[in-house]
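These notes concern the structure reproduced below.
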Amino acid sequence: MAISGKTAVYGIIADPIGHVRGPTLFNPLFEKLGMDAAMVPFHVTATSLSRAVAGFRAIESLKGWLVTNPHKFAMFHLCDQVDASGTRLQAVNVVRRNTDDGRLIGGNYDGAGFINGLRHDGIEPKGKDVLMLGAGGAAYAIAFALAEAGVRRLTIANRTRANAETLAVTTRKFFSGFQVEVGDAVAGSQDMIVNTTSAGLKPDDPLPLDVGGLKPSTVVVDIIMNPEMTKLLTLAKDRGCRIHLGRHMLDSQFPLLARHLGVPIS
Ligand code: ATR
């Protein structure tokens, strides 16, 4: 890749930054499309975000950037316009800087990436009875996306029950008539169980689910990417369940992020 005076610059902002996958995914795409463009990491801390974004606004060759932890919520307030999904979540994970007027247009594709990931893997959420574990940032994106995708019923179970109650109330506010309730993290007759908690990142983490009643007909999903096979997924696979890996959510989101950034991907 040859950088010249004409190269369009894209960024990714995060803190820490070392683990991000954006440049590794986007630079080969730019090359494949014959684009004179490059994605670079910008290590920005939470306290410097607004100053960094003010600077970004002034850089004509900067076309946009991906947004990851801890900036998704703060970046929402620094955009000039945000799509419907980002507005519901009050969080963005990508920003385009309009070439003509320099306006910052935010989007959030976490939920859409999750649903597309399921569908690409041949799993249709519509009409399903779903148990979701967790009520953190990722759970909000997934709950709203499942509601939009037409699941029949969503039960939310979380270690801190009050957080699950708040998520259920918020989901009902945006999707009136949608059947969403708070329940226990116990496997039973559900069609699909989705782990959005961080339990499973470390080898000695507790299982986020009481798996006693887990049936082979239940699809088990984990959004944890590393390790790829969490304890929950390994156990579910051993029980004969269909499993869906965490990496699909990001892989399926990639074309949506590219389109938002104005990259001409088919
Ligand atoms: P993210 O933005 O990645 O979703 P988060 O907002 O910090 O991260 O949310 C983490 C989620 O994992 C929460 O639902 C958290 O439960 P609490 O609301 O009780 O904090 C859940 N979680 C974290 N560690 C857990 C554990 N060991 N067992 C069960 N749930 C856990």
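Taking every alpha-carbon pair within segment 221-266, the share separated by more than 14 Å comes to 56 percent.
Over its Cα atoms, what ratio of radius of gyration to 2.2 N^0.38 Å does segment 7-55 give? All intermediate terms of the calculation are to be shown ahead of the outcome.
Details: Rg = 12.2 Å, N = 49, 2.2 N^0.38 = 9.7 Å.
Here the Cα radius of gyration is 1.26 times the empirical estimate.
State the Kirkwood hydrodynamic radius of the chain in Å, one decimal place, computed from all pairs of distinct Cα atoms. Don't jump to the answer; show the numbers that get you there.
Details: mean 1/r = 0.0514 Å⁻¹.
Computed over Cα pairs of the chain, the Kirkwood hydrodynamic radius comes out at 19.4 Å.
Using every pair of separate Cα atoms, the Kirkwood estimate puts the hydrodynamic radius of segment 57-163 at 15.1 angstrom.
Shape analysis of segment 111-248 yields a ratio of the Cα radius of gyration to the Kirkwood radius, Rg/Rh, of 0.92.
Of all DSSP beta bridges in the chain, what percent run antiparallel (nearest 5)? Of the beta bridges lying entirely in the chain, close to 20 percent run antiparallel. Each principal axis of segment 8-108 carries a Cα extent, and these read 35, 32, 25 Å when sorted largest first. Computed from Cα positions, the angle between helix 161-174 and the longest principal axis of the chain comes to roughly 70 degrees. Computed over the chain, the per-residue total of -39500 (n - 2.57) for DSSP H runs of n ≥ 4 gives a 222 nm mean residue ellipticity of -9500 deg cm²/dmol, rounded to 500. Divide the volume of the convex hull around the Cα atoms of segment 47-92 by the residue count and you get 77 Å³ per residue. Identify the residues of segment 33-50 with backbone N under 19 Å of a label point that sits 7 angstrom from the Cα of Arg259 along the Cα-to-Cβ direction, or state none. Within reach of a label on Arg259, which here means backbone N under 19 Å from a point 7 Å along Cα→Cβ, segment 33-50 contributes 33.
For the pair Asp36 and Gln179, what calculated FRET efficiency results from E = 1/(1 + (r/R0)^6), where r is the Cβ-Cβ distance and R0 = 41 Å, to the nearest 0.05?
0.25
Express in nm, to one decimal, how much length is gained between Arg239 and Ser217 on full extension, taking 0.36 nm for each residue of separation and deducting their alpha carbon distance.
Details: separation 22, 0.36 × 22 = 7.92 nm, distance 0.96 nm.
Stretched out fully, the Arg239 to Ser217 stretch lengthens by 7.0 nm.
Starting from the Cα-Cα distance between Arg51 and Arg103, subtract it from 0.36 nm times their residue separation and give me the gain in nm to one decimal.
Values: separation 52, 0.36 × 52 = 18.72 nm, distance 1.62 nm.
So the extension gain works out to 17.1 nm.
Eight or more residues apart or on different chains, and alpha-carbon atoms under 18 Å: count the Lys pairs in the chain matching that.
Details: Lys6/Lys32; Lys6/Lys63; Lys128/Lys215; Lys202/Lys231; Lys215/Lys231; Lys215/Lys237.
Lysine pairs meeting the criterion: 6.
Residues Met249, Met1, Met35, ordered by accessible area of protein heavy atoms at a 1.4 angstrom probe radius and largest first, appear as Met1, Met35, Met249. Spin-label pair Arg153-Arg247: with each label point 7 Å from Cα along the Cα-Cβ axis, the two points sit 3.5 nm from one another. Of interest is the spacing of the C-alpha centroids, which for segment 122-186 and segment 5-24 amounts to 32 Å.
The values are calculated or read from the model by the stated rules, or taken from the named source; none is laboratory data. The structure presented is a predicted model; accordingly, all values stated were derived computationally and were not measured. Positions of Cβ are backbone-derived with ideal geometry, glycine not excepted, and every protein chain shown enters the neighbour counts. For the accessible areas, the whole protein counts, side chains as well, though only heavy atoms, and no ligand, DNA or RNA atoms are used. Shrake-Rupley method; radii C 1.70, N 1.55, O 1.52, S 1.80 Å.
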